[in-house]
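Below is one structure, written out as structure tokens; the observations come after it.
Here, each number is a calculation from the coordinates, and none is a lab measurement. The model shown is predicted, which means the values in this text are computed figures rather than measured ones. Glycine gets a Cβ as well: all are built from the backbone with ideal geometry, and neighbour counts include every protein chain shown.
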Amino acid sequence: MENFDDIRPYRDEEFQETFSLLAKEQQFVSVLKYVFQDRADTLINMLKTLTSIDDLQANLIKPFLDGVINKSTQGVTFTGTENIPREKPCLFISNHRDIVLDPSLIDYGLHVNNIPTVEIAIGSNLLIMPWIELLVRLNKSFIVRRDVTGRQLLLSSMHLSSYIRHSVTECHRYIWIAQREGRAKDGNDLTQDSLLRMLAMSGKSKDMRQALMPLNIVPITISYEYDPCDGMKAAELAIKASNQPFTKTPDMDLQSMVTGIKGNKGHVNIHFGKPINEDLAKCAENDVHKQASAIAEIIDQAIFQSYSLYDSHKVAYNLMTGTDHFSVSKEKTTEIQSYFLKQLANAGLTENELPFIVMQYANQTKNYLSVTGKV
């Protein structure tokens, strides 16, 4: 069996030693004191006595998410939970809106439905400080290397593919990975062909349909009424649209993580779709070079049709198309436009950059309509 120690999550037998190291990190302690205030020291002492990753999630991660949900949302709902395979673990593939909360809220939905939480794919570029790697690997995360090129990239991709397949098919663990590298800054959630090729690399068949079936892929649709990072995303889109070079720094990733956690998200819905194996079996594309695109479209359509459209998406669609396709009151329309302008101002932008924030919400609506035709 291939050794995956370099990327895998920590195991229960490694918990106490690893958490002892984590508890010595002042930044981690500061985060706990910010979230849990005067209960932080007592919490840390209690966590040191735990012996399993599941206990850590129940005693630290879930209370943390309870606080995030209560303070920064108008409620989180979970739909389609009846579709989750309970006897056969699967690979969840979702759209990607928020660095931290996308997999965290999926985990929350699984936990409250008495389903094991997922192992989470996290890019090495987000491991900005050593303590962050300790924390995420204690929280069932495995590492996707972003700092390799050429032959090393090929070897790393095969290694990652083998790990995911091993986890799902042999260890019977649930896995989550985003449909693309990085968040879809423009709200246009499209599965990358390269992701599917990576997943298929470790399969026994060159036919991608057959190679992916053992992974039991389940699409998930994540819908936020408001994206706290929409202003920052608009700034990035505006820079790229002007053909200026854009270089993302570790500080930007950290700011996105903090803003995504603390900022207002309004209503949030997580929809669990049906496994796509039946659709894979019906996929008529026999050209192995075109199969990735055909399968990506299957996943995309499953995600598109399950968006929860809020007034923010409807107003944005009306603004982008210059129509009154959706009936939204003048008061609500004005409120949402004011929100967009405020977010732009917070990012150092003006009304001239309004299209770059509008598209983030309108593209979701456009994709939803393209699949469902509903109003």
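Dividing the convex hull volume of the alpha-carbon atoms in the chain by its residue count gives 154 Å³ per residue. Over the range 1-113, Cα pairs under 8 Å with separation of 6+ residues give a relative contact order of 23 percent.
Maximal additional length on extending the Thr249-Asp287 stretch stands at 9.7 nm, based on 0.36 nm per residue less the C-alpha distance. Judged by the mean number of other Cβ atoms found within 10 Å, the most tightly packed of the peptides 366-374, 145-153 leads the ranking 366-374, 145-153.
Using Cα-Cα distances under 8 Å and only pairs 6 or more residues apart, what relative contact order does the range 251-375 have, in percent?
Relative contact order, the range 251-375: 27 percent.
By a straight-distance test (C-alpha under 12 Å), which aspartates and glutamates pair with Lys290 as possible cross-link partners, with residues fewer than eight away in the same chain excluded? Straight-distance partners of Lys290: Asp193, Asp207. Pairs over the 18 Å Cα-Cα cut-off, from the set Lys342/Lys366; Lys62/Lys262; Lys71/Lys262: Lys342/Lys366. Computed per residue of the chain from DSSP H runs no shorter than four, each worth -39500 (n - 2.57), the mean residue ellipticity at 222 nm is -15000 deg cm²/dmol.
Which whole-number percentage describes the relative contact order of the chain, with Cα contacts under 8 Å and a sequence gap of 6 or more?
Details: 561 pairs, mean separation 78.8, N = 375.
Relative contact order of the chain: 21 percent.
Packing order of peptides 128-137, 219-228, highest average first: 219-228, 128-137 (average count of other Cβ atoms within 10 Å over each peptide's residues). For Glu297 and Leu154, a Förster radius of 25 Å and the Cβ-Cβ distance give a FRET efficiency of 0.45, rounded to the nearest 0.05.
Its Cα gyration tensor gives the range 1-94 an equivalent ellipsoid, and the semi-axes of that ellipsoid, as √(5λ) in whole Å with the largest first, are 27, 23, 12. In terms of surrounding Cβ atoms within a 10 Å radius of their Cβ, Met320, Met158, Met359 rank from fewest to most as Met158, Met320, Met359. With the simple model of a label 7 Å out from the Cα in the direction of the Cβ, Lys88 to Ser338 spans 5.3 nm.
The length gained on full extension between Arg11 and Arg146, counted as 0.36 nm times the residue separation minus their Cα-Cα distance, comes to 46.3 nm.
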